[in-house]
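Worksheet for the structure shown next.
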Amino acid sequence: MTDNNRGIGEAVVRREDSRFLQGRGQYTDDMNLAGQLFACIVRSQHAHATINSIDGSAAMAMDGVVSVLTHEDFAAYGGVPCGWGVNNKDGSPMAEPKHPILAEGVARHVGDPVAVVIAESPIIARNAAEHVQVSYSELPAVVSMQQALDASAKPIHGDTESNLCFDWELGDREAVDQAIAGAHHVTKLELINNRLVPNAMEPRCAIGDYNSATGDHTLYTTSQNPHVIRLLMGAFVLQIPEHKLRVVSPDVGGGFGSKIYHYAEEAIVTVAAMKLGKPVKWTSDRTEAFISDAHGRDHITTVELALDREGNFLALRESTHANMGAYLSTFAPAVPTYLHSTLLAGQYRTPVIYAEVKAVFTNTVVVDAYRGAGRPEASYLVERVVETAAREMGIDPVELRRKNFIKSFPHDTPVALTYDSGDYAATLDQAMIASDYAGFEARRAEAKQRGKLRGIGIACYVEACGVAPSNIAGALGARAGLYEAATIRVNPTGSISVLTGSHSHGQGHETTFSQLVADKLGIDYDSIDVVHGDTNRIPFGMGTYGSRSLAVGGTAIVNAVDKIIAKGKKIAAHLLEASEADIEFENGEFRVAGTDKMKPFAEIALTAYVPHNFPLEELEPGLEETAFYDPKNFTFPAGTYVCEVEIDPDTGTTEIVSFHASDDFGRIINPMIVEGQVHGGLVQGIGQALLEGCVYDTDSGQLISGSYMDYTMPRADDVPSFSVDTCVTECTHNPLGVKGCGEAGAIGAPPAVMNAIIDALSDYNVRHLDMPATPNKIWSIIHKASAAAA
Amino acid sequence: MYEFSYHKASSLEDARSTLATAEDGKLLAGGMTLLPTMKQRLAAPTVLVDLTGIDMAGIEGKGDNIVVGAMTTHAAVASSSLVQQTIPALAALAEGIGDPQVRNRGTIGGSVANADPAADYPAALVGLGATVVTSKRSLSAEEFFTGMFETALAEDEIITAVSFPVPEAAAYQKFPNPASRYAIVGVFVAKTANGIRVAVTGAGGSVFRNAEMEQALASNFSPDAVKNIAVDSSGLNEDIHASAEYRAHLVGVMASRAVAAM
């Protein structure tokens, strides 16, 4: 029977909320295995130091301490691998220094793991960790990218020539140079995309378990992609055959990218459990998370946009330095390159684009993908330089954008992508109306009467979701596939288990995927269960990141459902004594076309598993199908965001008084979940623009913003009540027509906010301001301008 | 957290004598600063003397004063009808401390004894000319706060109450740190029987009065009278959120807003 209220397009309340809101989720740290021991990691307090010796004897002597491990205990194993190789301009491979599980003679950032204490309780482990005597000789720290690339700077890795990881390029340099040289107007901006600390609500946790009788390893971990961890850790680090390694990621409390990567702690607990014959658990605390979770962003960029007299874009040139941190995290090299510079066309017809990106090692925590991953950085520089060009040329910023929009699809950009669909004018128009853009000047004047500086800013972003296809990604350096897998297991009574390779850590997959299957099979939503996060239960899948789960994982599910329907038709044809070609499937019923002869889905399921009247000579019994789906292309969500701010000139405080988002995510399965994703992304984008700044002491390499006392996470009272709507142009290359919505807010919000702030400060002759736009920074601009005028 | 021994005091004398004999004893009131500090292993007292068993909570009017017991929570001060009627600025200040959890555990005695340079209460105490009553004596607020996290309290001295003279009018304006929500600058302005008082927290190492603003307001009690008084930035706090110059500027802005709110 069709479930009319819980199919595609319905705002079904999230199934997951019942357990999460009641505190009944099952997170990794909620698990406790019999005989479990606890690991505490001794981390470097220095940004850069030689480790002369490690003496664990005092710690070992303490009651309850079981073991102290150093890098020597991991000598048989590989380092933490990087999953994406990028080549230099000359075709040579990037510098890829070893990322040891525990520091081997040198600590390269504050927080670098140096030793591990394993004890009978977390407190004993932590107390004992303070008694591990590490003798360090401090080395000069290179903290900023400028310091790292200075000719006098020593490489922080002994086996590389310099601190340059790679020097990469994309696009036609000569054509761009020529276009810029001959342009009517060139707008040049230097900007910083500020480093962020991810701060998932649940800190990372890992439990290693080893069964010496069978030789089976199990790793419970807070991962966005358990199969990726199984492959990376099994094949590249510990040489555990994959059939002997099970990775389980149960409920996971947020990831935002920071839980994609394979981290040393996962290898540590796996090895320790094997050595000690007991399960070993490590749980990060928040302080540890600040110095051990991969950070995000951290680019320094020069961007130039060339325009003709009428405002047509002629060329764009980017030169960026991207901070990798002390080592290469799993996907770090891809973020400022293939996930970034490929998006420099934005929504525009810019005919030629050239990007060069230098990736740099520094004595800081590793940097990798964080919500948006390269695309927020691209959107930020494009939308800031377009806005600045409009101001410089005296053209309305909305009209300048509209004039340069891509208007026909498919569209090949000069930076390697083919946008399949979109309607950028539609989202712009919708946003202009919803935000009452036309009425802004009256609001500005009213605010001025109250002594406030009001500004409006827009951003027209495009993102690319579901990195694909695997063969092209592989040619560009990806060391993994980028498909997704799903199994539809129809149970004998017609209920369904959906086994998906996607992983839900807040996205509501259990709801959305059930809606999808309920709709496609015409069966009750409540008879569908979604299983994810356990390599022993699901097909080999790539997990969830890059807003890929619906476009890639959802398509795999749909393809598997189609196989179920196809087999069901064969069974129905047999039961109904009709030709298979005459069987139609609709609303959960297999019907002989044009007759009232039909069999409900549940009866077909039962027949498949109790095959007494079944074409056994032609068809296998059972009803379970698997599909692997490798997309032909990325999907390209896009939209226009309009932000309105009021600045208090006395204090420099920015208040976001309204924020409207018009997005095109393609077809939408659950509008409520999509709206929630947009809200969350916007809050993170606003956080980057106004609040979040990761600050290192440039001499010592200590993380100054190392806790919530100094690192400003956005809170409810920092953001307005959002206004959001959507337009739909369907993706042309997946059967659902879906695009993805997880990162859009974090991509489009920062430039919208910053453009609004620059607009509000238009009386103060300010061209650019780096994020986060703190009250102190804004006050300084106002104060200096006022002092100069006086 | 390191191991420590715990003693729930049955009386003020019990608390005092336990503290006096402890090697490194600390009083535990609401624990909103002490416990996180201990959890981060930045403090390691050997003995915690818990004051929650001693009846030192409550708010009462005594003549022209409002006396707030040392163990009174911020939430109790914020919601007290007596405080709201007599010193609404004090109730509003308490309502703006931390978050609901902190306000329902944290106490005025604990806050004052900790003397955090960015705490709100010190501005109210100095701004209103309050008296800190201890197990030994009574001190004026200005005598009490001696520096950054420093007070005049002796090793075994325990705050029992804070007595606030009811002012003619008062207001507190705070510019919060966006991360911690402590005061980057907080200014408490009061018209009292002994004249106008302007007390500043957050900006310096400890709460201080601004005599120039007090004099300016005495002759012209208006926001403009203080807004443009230049505050010397030398010696003011400086961190990743606010430079000393910015803090100096904010003192004038917050003072002016406090006056406007009165």
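The values are calculated or read from the model by the stated rules, or taken from the named source; none is laboratory data. Note that the coordinates shown come from a computational prediction; the quantities given were computed from them, not determined experimentally. Positions of Cβ are backbone-derived with ideal geometry, glycine not excepted, and every protein chain shown enters the neighbour counts. Accessible surface areas use protein heavy atoms only, side chains included; no ligands, DNA or RNA. Shrake-Rupley method; radii C 1.70, N 1.55, O 1.52, S 1.80 Å.
Quick grid of which residues meet (1) modelled with pLDDT of 95 or more; (2) of a type in the set (Ser, Thr, Tyr); (3) at negative phi:
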site	(1), (2), (3)
B:Pro117	yes, no, yes
B:Tyr121	yes, yes, yes
B:Gly127	yes, no, yes
B:Ala130	yes, no, yes
B:Ser135	yes, yes, yes
B:Glu142	yes, no, yes
B:Thr146	yes, yes, yes
B:Phe149	yes, no, no
B:Glu157	yes, no, yes
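Taking into account only those residues within region B:25-42 that are at pLDDT below 95 and in a loop (DSSP other than H, G, I, E, B), which is least open to solvent (accessible area, probe 1.4 Å)? The residue in question is B:Arg41. Could we say that A:Val558 is open to solvent by 10 Å² or more (accessible area, probe 1.4 Å), in the same structural domain as A:Ile496 (by TED's automatic domain parsing) and touching a helix residue (DSSP H, G or I) at 6+ places or on another chain (Cβ under 7 Å) here? No, not satisfied. When A:Ile291 is tested against (1) at pLDDT 95 or above; (2) away from every other protein chain (no Cβ under 14 Å), only condition (2) is not met.
In the set A:Asp763, A:Asp725, A:Asp759, only one residue is away from chain B (no Cβ under 14 Å) and farther than 20 Å from A:Thr654 by Cα; that residue is A:Asp725. Pairs linking a residue in region A:423-437 that is part of a helix (DSSP H, G or I) to a residue that is buried (at least 19 other Cβ atoms within 10 Å of the Cβ) and polar (S, T, N, Q), with Cβ atoms under 7 Å and 6 or more positions apart or on different chains, are A:Tyr424/A:Gln347; A:Thr427/A:Thr640; A:Thr427/A:Ser662; A:Leu428/A:Thr640; A:Gln430/A:Ser662; A:Ala431/A:Thr640; A:Ala431/A:Ser662; A:Ala434/A:Ser662. Do the conditions hold for A:Cys741, that is, is it open to solvent by 20 Å² or more (accessible area, probe 1.4 Å) and closer than 19 Å to A:Tyr461 by Cα? Spelling it out, A:Cys741 is indeed open to solvent by 20 Å² or more (accessible area, probe 1.4 Å) and closer than 19 Å to A:Tyr461 by Cα. All conditions in (1) closer than 22 Å to B:Ser180 by Cβ; (2) open to solvent by less than 40 Å² (accessible area, probe 1.4 Å) hold for B:Ile87, with the sole exception of (1). Please determine whether any residue of region A:542-553 is part of a helix (DSSP H, G or I), of a type outside the set (A, V, I, L, M, F, W, C), outside the structural domain of A:Asn734 (by TED's automatic domain parsing) and modelled with pLDDT of 95 or more. Checked against the condition, which is being part of a helix (DSSP H, G or I), of a type outside the set (A, V, I, L, M, F, W, C), outside the structural domain of A:Asn734 (by TED's automatic domain parsing) and modelled with pLDDT of 95 or more, region A:542-553 yields at least one hit.
May I ask you to list the residues in region A:504-525 that are free of Cβ contacts under 8 Å to residues at least 60 places away in the same chain and farther than 22 Å from A:Gly254 by Cβ? Once the filter is applied, which keeps residues that are free of Cβ contacts under 8 Å to residues at least 60 places away in the same chain and farther than 22 Å from A:Gly254 by Cβ, region A:504-525 yields A:Val517, A:Lys520. Looking at region B:167-262, the strands (runs of 3 or more DSSP E) lying wholly inside it that each contain 1 or more residues that are within 13 Å of chain A (Cβ to nearest Cβ), in contact with a strand residue (DSSP E or B) (Cβ under 9 Å, 6 or more places away or on another chain) and more than 21 Å from B:Thr86 (Cβ to Cβ) sit at B:169-176, B:183-192.
In the same structural domain as A:Phe38 (by TED's automatic domain parsing) and farther than 17 Å from A:Ser67 by Cα, is that true of A:Ala107? Judged against the criteria, A:Ala107 is a match. If you take the residues of region B:111-139 that are in a loop (DSSP other than H, G, I, E, B) and touching a residue at least 60 places away in the same chain (Cβ under 8 Å), which of them is nearest to B:Phe164 (Cα to Cα)? Filtering first and then ranking leaves B:Gly129. For A:Ile583, state whether it is surrounded by 15 or more Cβ atoms within 10 Å (Cβ to Cβ), of a type in the set (Val, Ile, Thr) and within 30 Å of A:Ala468 (Cα to Cα). So A:Ile583 fails the test. Every listed requirement among (1) under 14 Å from A:Gly522 (Cβ atoms); (2) open to solvent by 70 Å² or more (accessible area, probe 1.4 Å); (3) not in a strand (DSSP E or B) is met by A:Ala602 save one, (2).
Yes/no per residue for (1) without any contact (Cβ under 8 Å) to a residue 12 or more places away in the chain; (2) surrounded by 17 or more Cβ atoms within 10 Å (Cβ to Cβ):
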| position | (1), (2) |
| --- | --- |
| B:Gly202 | no, yes |
| B:Gly205 | no, no |
| B:Ser219 | yes, no |
| B:Asp224 | no, no |
| B:Ala230 | no, no |
| B:Gly235 | no, no |
| B:Glu238 | yes, no |
| B:Ala248 | no, yes |
| B:Val251 | no, yes |
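Is there any pair with a first residue in region B:1-17 that is within 14 Å of chain A (Cβ to nearest Cβ) and a second that is outside any loop (DSSP other than H, G, I, E, B) and open to solvent by 50 Å² or more (accessible area, probe 1.4 Å) whose Cβ atoms are under 6 Å apart and which are 6 or more apart or on different chains, and what are they? Within 6 Å, the pairs are B:Met1/B:Lys39. Restricting the search to region B:1-13, which residues are in a helix (DSSP H, G or I) and farther than 11 Å from B:Gly53 by Cα? Hit for region B:1-13 is B:Glu13, nothing else.
Test B:Val102 against the stated conditions and say whether it is more than 12 Å from the chain's Cα centre (by Cα) and part of a strand (DSSP E or B). No, not satisfied.
Within region A:207-223, residues that are at positive phi have Cβ atoms under 6 Å from residues that are modelled with pLDDT of 95 or more in these pairs: A:Gly215/A:Lys244, counting only partners at least 6 apart in sequence or on another chain. Restricting attention to region A:295-323 and to residues that are among the small types (Gly, Ala, Ser) and in contact with a Lys or Arg (Cβ under 9 Å, 6 or more places away or on another chain), the residue that is surrounded by the fewest Cβ atoms within 10 Å (Cβ to Cβ) turns out to be A:Ser319. Scanning region A:114-125 for residues that are farther than 10 Å from A:Ala39 by Cβ and open to solvent by 10 Å² or more (accessible area, probe 1.4 Å) gives A:Glu120, A:Ser121, A:Ile123, A:Ile124.
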